[in-house]
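Colleague: Mind having a look at this structure? Questions to follow.
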Amino acid sequence: MKKTRKPQLAVIGAGPAGLGAALAASGAGLRDVMLIERDFELGGILPQCIHDGFGSIVFKEVMTGPEYAQRFVEEIRRTDVEIMLNTMVLDMGPDMRITAVNDREGIVEIEPESIVLAMGCRERTRHQVMLPGFRPAGVITAGAAQRDINIEGLMPGRKIVILGSGDIGLIMARRFTLEGARVEGVYELMDHPGGITRNVVQCLRDFEIPLHLSHTVSFIHGRKRVEAVTVAEVDADLKPRKETERFVPCDTLCLSVGLIPENELSKHAGIQLDPVTAGPFVDERMETTVDGIFACGNVVNVFDLVDYVTHSAQVAGRGAAEYVLQGRKRQSPVKVVAGRNVKYVVPQFVSDLNRDVDFYFRVEHPERAVTARILADGKPLAGKKHKMVRPPEMLKQTTEALDVSTGEKTRELTVEVIPGGE
Amino acid sequence: MANKHDFVCINCPMSCSLELTEENGEILEVTGNDCKIGKRYAEEEFKDPRRVVTTTVSVRSGSLPMLPVRSAEAIPKRLITDAVKSLEGIVVDAPVKLDQVVLEDVAGTGVNIIASRDLASASIQPNT
C-alpha cells in the first residue's frame, strides 16, 4: 500500500461547494489542499443543469449551470490545489482518517489536518414518499431524468406525469416538452408550488402545462413499464380522496419530491446532524461538531441558490485555513434559536460574533409585510423588511462583526420573522 | 374591444397576479401590481416576451455525448420551439470551447446558439 497522504485540507466533493471551499482555502494560504471527486470531471451536478438562472448574486450575471461550473474550474486550475478525479471516498473516521479508492492507486489512505464536507444532496425516491402500486420501469427522479437527457442524450419516456413541483421538476417539465415528449401535468401535494414563481411561469405557463395543486399519485399501474397512474385530490390531512381519483395513461412518472443532504460519511465520523435540516450542525465558520471538520453547500441544508452554496463554501474554506494555520480553539458556542415563523436556521451555533456572520433560514408559512431579524439576548443585531416571504425562497441575513472588546457575553441568538414591514 | 391578459410577476416572492388590458395592441391599464416593476413586467410580457433558450446538441467523439448550448441572448418566446427544432440533427465535433457558435441566427432572430461549456475530446480527460 502507498504511503498515507497528509494534506492540510481534504475537500470531499467537487461540485460548487467543494470548488468554492478549495479555492477559498487556497486563497487563505493553505498550500496543500486536496480536492476529491468521484466523477470524471469537476462541477458536481452543475453540468447537467443546462438552464439559466445561476450566478446572479456571485457574478452579477445570469448563467447556465455549466457556465457557472466552468468559472470555478478555470480558477482552480490556476491554483496548486491537487485534484483527484474518479476517486470515491469510502469511509471517514472520527480521527479524520479518510479511506478512498480510485483506478490508479487502489486504496488511498488520507490523514488530513482538516476536512471540508461537500457531498451535496440526493433526491428522495418513490419509496421515501411511499407511492403505492406496482414497481415497473419508468419511475424516475427528476434529477436522473435530467442527467439522462442533458448528459447522456437519452429520453426516459414520451408521455410524462410529474409528481412534485420542486424546481427540478418544473425545469424538467419544460425540458421534456422541448425534447418532444408530452407532459400530461404536474401534480403537487401541497396547496402551493414547491418551486419558485419564475419556474412556474417560464417552465409551465409558457408551455401550457397544467399544475394540479393539492393532488397526489395514489397508484402506479403497469407490470413491466409504467402504463398509467391514478391521481387524486388530497384532503386537509393530505390523504387522497377516493371519489376524486382519475386514471392518467403515461409511460413515465417523474418525481420531484424533495432533496436530502447526503451524510453517510458524516455519520461515520460521529458528526451530529440536525434532525430538521438532515445536515450537520455547524457554527459561523461552517465547522461541524467535530473539530477540524467543516461542511458547506447542500450537505448542510438544501439551499435554493447555487450562489448561497458558493458563499457557504467560501466561509468553510476560510474556516479550515484558519483552523490549520492558526490552530484556533473554539469558544463555547451560543445556540441560534429559530423564533417566530422560522423553520430552521443555518448556522445552528455561533462561537464568535467578531466577524460578519451569514444566517440562512426558511419560514414555516407564507407571510406578507414582515421584518426578518437577528436578536442577541433580545437586542436586534440586524434586520430587513420583506414584502413577502415564502417557504421555497430561503432568506439570508448578515450580522456585522461585533466589537468584542465590550466584553459582553451573548447567551442566545434568535432569528425571527415578525409582522411589520413594507 | 378591450382584451384582458393575465400574468404572474416573477420579480420577487410577492408573485403579484397582474391583469393587463389592451385594445388593438395598445395597453390601456395594468392592475394587480404592487410596484412599478410589476407594471413594466406585464407590459414587456405582453409586447415582446423573451427567453434565453437552453438545450443540447450531439457531439462527435467528445468526452460526453451531448453538449449544452444556449442562445447568446434572449429570443422572442414564440420562437423557442422553432429554435430548438432547428438544432435537430446538428452534430458538433469535439473539442468544443465555451461560447463557440453552434448555429448562427437561430430561427431568424439574429441571435446565435453558443456552447455553454468546454468539452474535451473522448481520449482526453477534461480536468487532468
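Colleague: For region A:130-202, which strands (runs of 3 or more DSSP E) that fit wholly inside it have 2 or more residues that are surrounded by fewer than 20 Cβ atoms within 10 Å (Cβ to Cβ)?
Modeller: It comes to A:182-188.
Colleague: Something else about it: Going through region B:79-119 one residue at a time, which ones are of a type in the set (D, E, K, R), part of a helix (DSSP H, G or I) and either in contact (Cβ under 8 Å) with a residue 24 or more places away in the chain or touching a Pro at 6+ places or on another chain (Cβ under 7 Å) (or both)?
Modeller: Selection gives B:82 alone.
Colleague: With the condition kept exactly as written, say whether any residue in region B:44-55 is among the β-branched types (Val, Ile, Thr) and either more than 9 Å from chain A (Cβ to nearest Cβ) or more than 25 Å from the chain's Cα centre (by Cα) (or both).
Modeller: No, because not a single residue in region B:44-55 is among the β-branched types (Val, Ile, Thr) and either more than 9 Å from chain A (Cβ to nearest Cβ) or more than 25 Å from the chain's Cα centre (by Cα) (or both).
Colleague: From the list A:265, A:259, A:238, pick out the single residue that is touching a residue at least 24 places away in the same chain (Cβ under 8 Å) and touching a Cys at 6+ places or on another chain (Cβ under 6 Å). Quick ask: steps written out before the conclusion?
Modeller: Details: A:265 fails: touching a Cys at 6+ places or on another chain (Cβ under 6 Å); A:238 fails: touching a Cys at 6+ places or on another chain (Cβ under 6 Å).
From the options A:265, A:259, A:238, the qualifying one is A:259.
Colleague: Could we say that residue A:393 is within 14 Å of another protein chain (Cβ to nearest Cβ), out of contact with any strand residue (DSSP E or B) (no Cβ under 7 Å at 6 or more places or on another chain) and either touching a residue at least 12 places away in the same chain (Cβ under 8 Å) or hydroxyl-bearing (Ser, Thr, Tyr) (or both) here?
Modeller: Numbers: within 14 Å of another protein chain (Cβ to nearest Cβ): yes; out of contact with any strand residue (DSSP E or B) (no Cβ under 7 Å at 6 or more places or on another chain): yes; either touching a residue at least 12 places away in the same chain (Cβ under 8 Å) or hydroxyl-bearing (Ser, Thr, Tyr) (or both): yes.
Considered against the rule, which asks whether it is within 14 Å of another protein chain (Cβ to nearest Cβ), out of contact with any strand residue (DSSP E or B) (no Cβ under 7 Å at 6 or more places or on another chain) and either touching a residue at least 12 places away in the same chain (Cβ under 8 Å) or hydroxyl-bearing (Ser, Thr, Tyr) (or both), residue A:393 comes out as yes.
Colleague: May I ask you to say which residue of A:53, A:20, A:43 is over 24 Å from residue B:122 (Cα atoms) and either touching a Pro at 6+ places or on another chain (Cβ under 9 Å) or at pLDDT below 95 (or both)?
Modeller: The match here is A:53.
Colleague: Given the residues B:29, B:104, B:88, B:73, which is the only one that is more than 21 Å from residue A:74 (Cβ to Cβ), surrounded by fewer than 17 Cβ atoms within 10 Å (Cβ to Cβ) and touching a strand residue (DSSP E or B) at 6+ places or on another chain (Cβ under 7 Å)?
Modeller: Details: B:104 fails: touching a strand residue (DSSP E or B) at 6+ places or on another chain (Cβ under 7 Å); B:88 fails: touching a strand residue (DSSP E or B) at 6+ places or on another chain (Cβ under 7 Å); B:73 fails: touching a strand residue (DSSP E or B) at 6+ places or on another chain (Cβ under 7 Å).
Going through B:29, B:104, B:88, B:73 in turn, the sole match is B:29.
Colleague: While we're looking at this one, here's another question. When the residues of region B:60-70 are narrowed to those that are within 9 Å of chain A (Cβ to nearest Cβ) and free of Cβ contacts under 8 Å to residues at least 40 places away in the same chain, which ends up surrounded by the most Cβ atoms within 10 Å (Cβ to Cβ)?
Modeller: B:66
Yes/no matrix, rows are residues, columns are (1) surrounded by fewer than 18 Cβ atoms within 10 Å (Cβ to Cβ); (2) part of a helix (DSSP H, G or I); (3) of a type in the set (A, V, I, L, M, F, W, C):
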site: A:303; (1), (2), (3): no, no, yes
site: A:308; (1), (2), (3): no, yes, no
site: A:311; (1), (2), (3): no, yes, no
site: A:315; (1), (2), (3): no, yes, yes
site: A:323; (1), (2), (3): no, yes, no
site: A:328; (1), (2), (3): yes, no, no
site: A:340; (1), (2), (3): yes, no, no
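Colleague: Sticking with this structure for a sec: Name every residue in region B:45-59 that is surrounded by fewer than 19 Cβ atoms within 10 Å (Cβ to Cβ) and in a strand (DSSP E or B), in order of residue number.
Modeller: Selection gives B:50, B:51, B:58.
Colleague: Can you spot a residue in region B:20-35 that is more than 27 Å from residue A:387 (Cα to Cα), at the interface with chain A (Cβ under 9 Å from one of its Cβ atoms) and in contact (Cβ under 8 Å) with a residue 12 or more places away in the chain?
Modeller: No: region B:20-35 contains no residue that is more than 27 Å from residue A:387 (Cα to Cα), at the interface with chain A (Cβ under 9 Å from one of its Cβ atoms) and in contact (Cβ under 8 Å) with a residue 12 or more places away in the chain.
Colleague: A follow-up question, please. If residue A:91 meets every condition in (1) part of a strand (DSSP E or B); (2) more than 23 Å from the chain's Cα centre (by Cα) apart from one, which number is that one?
Modeller: (2)
Colleague: To continue, here is another question. With the structure loaded, tell me whether residue A:206 is surrounded by fewer than 20 Cβ atoms within 10 Å (Cβ to Cβ), outside the structural domain of residue A:325 (by TED's automatic domain parsing), not hydroxyl-bearing (Ser, Thr, Tyr) and not in a strand (DSSP E or B) or whether it fails that test.
Modeller: Considered against the rule, which asks whether it is surrounded by fewer than 20 Cβ atoms within 10 Å (Cβ to Cβ), outside the structural domain of residue A:325 (by TED's automatic domain parsing), not hydroxyl-bearing (Ser, Thr, Tyr) and not in a strand (DSSP E or B), residue A:206 comes out as yes.
Colleague: Restricting region A:367-390 to residues that are crowded, with 16+ Cβ neighbours inside 10 Å and within 14 Å of chain B (Cβ to nearest Cβ), which is nearest to the chain's Cα centre (by Cα)?
Modeller: This residue is A:390.
Colleague: Which of the residues that make up region A:42-68 are aliphatic (A, V, I, L, M) and within 12 Å of chain B (Cβ to nearest Cβ)?
Modeller: Selection gives A:42, A:46, A:50, A:62, A:63.
Colleague: A follow-up question, please. Quick check on this structure: which one of A:317, A:327 is free of Cβ contacts under 8 Å to residues at least 12 places away in the same chain and among the small types (Gly, Ala, Ser)?
Modeller: Result of the check over A:317, A:327: A:327.
Colleague: If you don't mind, there's one more thing I want to ask. How many residues are part of a loop (DSSP other than H, G, I, E, B), of a type outside the set (Lys, Arg) and under 29 Å from residue B:11 (Cβ atoms) when one looks only at region A:45-88?
Modeller: Matching residues across region A:45-88 total 11.
The values are calculated or read from the model by the stated rules, or taken from the named source; none is laboratory data. Because the structure is a prediction, the values reported are computed rather than measured. Note: ideal-geometry Cβ built from the backbone for every residue, glycine included; neighbour counts use all protein chains shown.
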